[in-house]
Amino acid sequence: MKMADELLRIEDLTANVGGVQILDHLHLEIGAGQTHVLMGPNGAGKSTLGNVIMGNPAYEQTGGKILFDGEDLTGLSTDKRARAGIFMSFQNPTEVAGISLESFIRNAIRQRTGKNVKRLSFARQLKEQMELLGMDESYAERDLNVGFSGGEKKKAEILQLLMLQPKFAILDETDSGLDVDAVRTVSNGIEQFHKNSSGALLIITHNAEILRSLQVDRTHILVRGKIVKDGGPELVEEIQEKGFERYLEEQA
């Protein structure tokens, strides 16, 4: 396991969605630069955890603490958490008409850093990262995710990750619905972030393929709102072979 200074600490976290408790006294620690994997059966609360960390107002934190870089995030809005260096990609990225992918990323960088973005260096970097992801340059001028295929939407999310270089990124089933080639491309993008950034990753996935080229520091199994097992990368292989039945029975 890569040793690192603590970046994210979650203590005794409980959270509701629509008045129903989903997260149940959850604990989690992630160090700077580490890659953690979160796995669990459908409905376990994986996406809920990501949204609560991100401060999505549709998810209610009812107890516990989320400490990021030593700061208690309780009460902070989503945009302030993003400025602090937290990023989240979504299973189903939203379409935003009227703003191009390029403009969206440039504005996000400006909001994140508080500095004006130099157009030439930004354009050069954007082109390089789009080439890495096999994205046609024309997508930069298209409205964000509007008319994009599922694979292109996921690539656009990874493009944002590579351009923004956050301190901590939550990737919520970025591989969902992708074919083999698209999974490989997205995996390459995540690998580049992993290699060229000091940022930490929390990867929520059912698919070990996206993890093949990454050094996974810790794996966590979430069942019924609780982390019931922690381990190394070998735990991913165990789940791929045996599934979650054992952990579901233990929590019944």
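The values are calculated or read from the model by the stated rules, or taken from the named source; none is laboratory data. Note that the coordinates shown come from a computational prediction; the quantities given were computed from them, not determined experimentally. A quick note on method: Cβ atoms are made from the backbone with ideal geometry, for glycine too, and the neighbour counts reach across all protein chains shown. Ligands, DNA and RNA are excluded from the accessible area calculation, which covers all protein heavy atoms including side chains. Shrake-Rupley method; radii C 1.70, N 1.55, O 1.52, S 1.80 Å.
Assorted remarks:
- Percent of beta bridges antiparallel (DSSP, segment 27-180, rounded to nearest 5): 50 percent
- Filter on Lys80/Lys115; Lys195/Lys226; Lys65/Lys153; Lys153/Lys195 - keep pairs with C-alpha separation over 21 Å: Lys195/Lys226; Lys65/Lys153; Lys153/Lys195
- Evaluated over the Cα positions of segment 140-252, the convex hull gives a direction-averaged projected area, one quarter of its surface, of 8.2 nm².
- Heavy atoms of Ile99: accessible area, 1.4 Å probe, square angstrom to 10: 50 Å²
- Reported label for calculated semi-axes √(5λ) of the Cα gyration tensor in Å given (1) 32, 20, 17; (2) 41, 20, 16; (3) 29, 21, 17: (3)
- Within the chain: Cβ-based charge dipole about Cα centre, in debye rounded to nearest 20 (Lys, Arg +1; Asp, Glu -1): 940 debye
- Summed over the residues of the chain and divided among them, the accessible surface reaches 47 Å² per residue at a probe radius of 1.4 Å.
- Nearby aspartates and glutamates by direct alpha-carbon distance to Lys127 (threshold 13 angstrom, same-chain neighbours under 8 apart not counted): Glu102, Asp136, Glu137, Glu141
- Using only side-chain charges placed at the Cβ, +1 for Lys and Arg and -1 for Asp and Glu, the dipole size of segment 118-252 relative to its Cα centre rounds to 620 debye.
- Backbone amide hydrogens, once placed in the peptide plane, bring Thr62 within less than 5 Å of Thr14, Ala15, Asn16, excluding anything fewer than 5 places away on its chain.
- Shown is the FRET efficiency for Ser149 and Gln111, computed with R0 = 30 Å from the Cβ-Cβ distance and rounded to the nearest 0.05: 0.60.
- Total charge dipole magnitude, segment 1-62, about the Cα centre, Cβ charges on Lys, Arg, Asp, Glu only, Debye to nearest 20: 240 debye
- Apportionment of accessible area to carbon and sulfur, the chain, percent (1.4 Å): 45 percent
- With the charge dipole of the chain set up from +1 on Lys and Arg Cβ and -1 on Asp and Glu Cβ about the Cα centre, the Cα lying farthest toward the positive end among the listed residues Tyr247, Gly45, Leu132 is that of Leu132.
- When peptides 139-152, 67-80 are sorted by average Cβ neighbour count within 10 Å, with the highest value leading, the order is 139-152, 67-80.
- Theoretical FRET efficiency, 1/(1+(r/R0)^6), r = Cβ-Cβ of Asn188 and Arg142, R0 22 Å, to 0.05: 0.50
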